[in-house]
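Encoded as structure tokens, the structure appears first; notes follow it.
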Amino acid sequence: SEKGLIVSFGEMLIDFVPTESGVSLAEAPGFLKAPGGAPANVAIAVSRLGGRSAFVGKLGDDEFGHMLAGILRENGVADQGINFDTGARTALAFVTLRADGDREFMFYRNPSADMLLRPDELDLDLIRSAKVFHYGSISLIVEPCRSAHLKAMEVAKEAGAILSYDPNLREPLWPSNEEAKTQIMSIWDKAEIIKVSDVELEFLTGSNKVDDETAMSLWHPNLKLLLVTLGEKGCRYYAKTFRGAVDPFHVNAVDTTGAGDSFVGALLNKIAEDQSILEDEERLRKVLRFANACGAITTTKKGAIPALPTDAEVLSFLEG
Ligand code: ADP
């Protein structure tokens, strides 16, 4: 079947991760560069699986920005939607999982280039050619990038694309929990596909139960598919006329970073090939099994981008 283009819009940044595990940022003897940013991970997940993928966003016109654009290109992601800001620098994060189990973060974002993409800088022809338009990152909450997102969503939708949203809530990044909830819900009813994690479901609904009733309280009439990912417990799906759960694969997880993006990339890749899976439960379940496999494989390797599987890897995992 013909492959449709998937355009992912949002942040791309570099995580600096200590070379030693279990240390605080201050104790780190050195750092490794781990490129990431959820929409960029999704863009690479799609192309690794053999899909057509493009990234839209802004990077600093600096060494880090050009390094990130190079990583997208090397992975087969079309780069014409990338802008470089000559004033602001590429977003950076310093992240560690300390021995006490808490994550410690430090950000360079004041503001970083990813937040500065303006509506007039968007490559509208690229956006109009998308079968699926995917978004959802911290870049969405700040002007001028918020307006750029809203315009891109409108243009993509008018041109017939399916809108896909993953709120990617990272609590330490948001100004406050209330602000996060307000911002996320303000664009909630535009998307036709939404993926949330169990943690995000609880956050957005204020419920402490991850069940069908809680998930359905987030349903809106434009939605075609709501997904709740449950980490090692697999995922649940909610469509217009059916709902259910798909079992996980059991793996030896070493780093769950990027599992959700891998899952989303796999799903969108299949939707870009054939939208009718959204109305066919049996075929959708097969796709979600494949997406669960992608998420599971991603947890077996360190980092996000290096851990995203190719189509061949997923097939041999499923056969094995
Ligand atoms: P997010 O990264 O958005 O929090 P999850 O951690 O729920 O998303 O992961 C997405 C999908 O990846 C899950 O639905 C599941 O299929 C798979 N997955 C994640 N963690 C594991 C794990 N520890 N073992 C097996 N599969 C996993």
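Read-outs: derived from the displayed coordinates by stated rules, not from any lab. Predicted model only: the values in this text are computed from it and were never measured. In this analysis, Cβ positions are derived from the backbone assuming ideal geometry, glycine residues included, and neighbour counts consider all displayed protein chains.
Please report, to one decimal in angstroms, the Kirkwood hydrodynamic radius of the stretch 4-92 built from all distinct Cα-Cα pairs.
Roughly 13.7 Å, rounded to one decimal.
Based only on other Cβ atoms within 10 Å, what is the fewest-to-most ordering of Glu178, Glu192?
Listed from fewest to most nearby Cβ atoms, that is Glu178, Glu192.
Of the peptides 277-288, 256-267, how do they stack up when ordered by the mean number of other Cβ atoms within 10 Å, highest first?
Going from most to least packed, we get 256-267, 277-288.
Hey, what number do you get for the chain at 222 nm if only DSSP H runs of n ≥ 4 count, each worth -39500 (n - 2.57), divided across all residues, to the nearest 500?
Taking each H run of at least 4 residues, the total per residue is -10000 deg cm²/dmol.
Rg over Rh of the stretch 68-180, using C-alpha atoms and the Kirkwood radius, what does it come to?
So for the stretch 68-180, dividing Rg by the Kirkwood Rh gives 1.00.
Farthest toward the dipole's positive end in the chain, which of Leu226, Leu72, Val254, given Cβ charges of +1 (Lys, Arg) and -1 (Asp, Glu) about the Cα centre?
Working it through, the farthest residue towards the positive pole turns out to be Leu226.
For the chain, what D do you get in µm² per second when you plug the Kirkwood radius from alpha-carbon pairs into Stokes-Einstein at 25 °C and 0.890 mPa s?
For these conditions, the coefficient is 125 µm²/s.
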